Amino acid sequence: MRMPASELRERLAIYYVADPEQTDRDFLALVDDALAGGATSLQLRAKRLGGRELFALACALRNRCAAAGALFFVNDRVDVAMAADADGVHVGVHDLPLEETRRLIGDGMVLGFSPLDLTEAAGAKPRGADYAGLGPVFGTASKADAQPELGLAALADQIRAAALPSVGIGGIDAGNAASVIEAGADGVAVISAIQAAADPRRAAEALVAAVQLAKAGR
């Protein structure tokens, strides 16, 4: 059974993209701090890890997210997401097509998608996506192959086109998170705002406060 969109919108509020390849810190301690600070969803993104190592890490993160009441996603690797019993998987335009991903995972898992333009955003829902990850909103240094900066106006256009629960990603922190919510996003996806913070837990708490305040005023 597919998760209701209303529930998904709430659970995407603070979406931490956890990447062990972008930190020298204790990665599991970072995850624990983010979850303690209020992250409501977590995506494991580890492009260079082998399948066995990625699976083991996914299982560890799945257990932490379950204990914290957060959703757990695996980036790209549909097989690992299924094997680790993740809540969902997130794919892009160069990964397994949405239709085939949905066929494999069935209706019991959440399917996220990162479109590259307005047309792809509009086609995401009919092809099986449950939510859209849109950006980079402000540009980002966390992804080597990132697209040019989207900006808030184009973000709002893509949110309307997708007609799905959505998160903005790219260059977002507690200082500009409110503007992403005001543009229509249901949540903010971050990497460095948490992983590079002096105090990751407090950084997550600051994001929670910014998003909640913006939603209350929307």
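Any read-out appearing in this document is the output of simple, stated calculations on the displayed coordinates, not a laboratory observation. This structure is a prediction, so every number in the text was calculated from the model and none was measured. Cβ atoms come from the backbone with ideal geometry, glycine included; neighbour counts cover every protein chain shown.
See the values below:
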quantity: Inter-label distance for R25 and A153, nm, one decimal - labels placed 7 Å from Cα along Cα-to-Cβ; calculated: 3.7
quantity: Of (i) 16.3; (ii) 10.5; (iii) 12.0, the label for mean projected area of the Cα convex hull in nm² derived from the coordinates; calculated: (ii)
quantity: MRE, 222 nm, helices only [DSSP H, n ≥ 4, -39500 (n - 2.57), over the chain, to nearest 500]; calculated: -12500 deg cm²/dmol
quantity: Under 12 Å, Cβ to Cβ, from V180 - net charge with Lys/Arg +1 and Asp/Glu -1; calculated: -1
quantity: Positive minus negative residues near A66 (Lys, Arg vs Asp, Glu; Cβ under 12 Å); calculated: 0
quantity: Segment A122-K47, extension gain: residue separation times 0.36 nm, minus the distance between their alpha carbons; calculated: 24.3 nm
quantity: Stretchable slack from A5 to L104, in nm (0.36 nm times residue separation minus alpha-carbon distance); calculated: 33.6 nm
quantity: Most to least packed among 110-122, 51-63, 178-190 [average Cβ atoms within 10 Å]; calculated: 178-190, 110-122, 51-63
quantity: Net charge of neighbours whose Cβ lies under 15 Å from the Cβ of A124, counting Lys and Arg as +1 and Asp and Glu as -1; calculated: -3
quantity: The range 56-70 versus the range 8-42: alpha-carbon centroid distance in Å; calculated: 10
quantity: Given charges at beta-carbon only (K, R positive; D, E negative), |dipole| of the range 5-216 in Debye; calculated: 160
